[in-house]
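Before any comments, here is the structure.
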Amino acid sequence: MGISPKLLIDIEGQNGVMGYFIESEMEVVLAGKNIVPIPQNERNLDIYKLLEKSCDVIFCTTQKLDDFQFYPVPCFWIFAVDNEGNCFGTIGGMGNLVDDNYSVGYVNKEGMCGKISNNLKEFLELIIFYPYWRDIIKYEKTGASYDINVMAMKKIENNLHSSADQHEITKTLKLSRNPKSMELLISNIKSKSEFMVYGSKNEAQMTNTFWGMHFLD
């Protein structure tokens, strides 16, 4: 059976809910990016400060779409950034700790991208308990050899002070260590992903069909 052609609908700049009806065998895919900021009344909560301090994951507050110069397919709902120039978001829709239908991916400042976890809960379990997860991504992407046990010991030695923060984070979020976190991360990195990142919408239009551009002609 062949793969159905995709018809992309751009979400950037859209306000409210967009309704559409397509009498076609095309697969409809939302494309573009959006930002999911922390609600104003939650921005002073300690949990976000702890996640930034202990995990270098800074949940969005005042970020704007222009801060992220790329165009993703399918849509990417950005919820956090870090000090290395990476941004993190849910792929294909807006997810949360309860809604586990959307995987979490990243895009770095060079435009490299990928899937990290199957949902937000897995992502938090990864970043809280495995501080060397970024190194694993780098080594897997470059094909360099590494020893997870050695990396784990070095990170533990360098982050002894963070155990109290880790305990407070897990208590607040009601999470626990997932022994399969690294296995899941490596599997996601190695798996073929349909998450694509282009330099701009114009670039995406060169290889994708967008609603209102060609299919009605």
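The values are calculated or read from the model by the stated rules, or taken from the named source; none is laboratory data. This one's a predicted model, so the numbers in the text were calculated from it and none came from an experiment. Glycine also receives a Cβ, built like all others from the backbone with ideal geometry; neighbour counts cover every protein chain displayed. For the accessible areas, the whole protein counts, side chains as well, though only heavy atoms, and no ligand, DNA or RNA atoms are used. Shrake-Rupley method; radii C 1.70, N 1.55, O 1.52, S 1.80 Å.
The gain in end-to-end length when the K109 to S145 segment is fully stretched comes to 10.6 nm, 0.36 nm per residue minus the alpha carbon separation. Remark: spin-label model distance I47-V29 equals 3.3 nm, labels positioned 7 Å along the Cα→Cβ axis.
Please sort by residue number the trypsin sites (Lys or Arg not before Pro) in the range 173-205 whose DSSP state is loop and whose Cβ has at most 16 other Cβ atoms within 10 Å. Loop-located and lightly packed - K174, R177, K180, K192.
In this structure, V98 and E203 have a Cβ-Cβ separation that, at R0 = 41 Å, corresponds to a calculated FRET efficiency of about 0.70. Only protein heavy atoms count here; under a 1.4 Å probe, T172 has an accessible surface of about 70 Å². When the surface is traced with a 1.4 Å probe over the full set of protein chains, M94 keeps roughly 100 Å² accessible. With the convex hull of its Cα atoms as the shape, the range 33-158 has an orientation-averaged projected area of 8.2 nm².
Which stretch or stretches of the range 28-64 have amide N atoms under 17 Å from the point lying 7 Å from A164's Cα along the Cα→Cβ direction? Inside the label zone: 46-47, 49-55. Think of a 1.4 Å ball rolled over the protein heavy atoms: the range 76-217 then has 57 Å² of accessible area per residue. Under 5 Å from the amide H of S117 lie the amide H atoms of V104, each residue being 5 or more positions distant or on a separate chain, with H modelled from the backbone and absent for Pro and chain starts. Taking amide H positions as modeled 1.01 Å from N, with prolines and chain starts lacking one, the residues under 5 Å from A80 and 5 or more places away or on another chain are C60, F88. How many angstrom lie between the C-alpha centres of the range 93-125 and the range 180-196? Result: 11 Å between the Cα centres.
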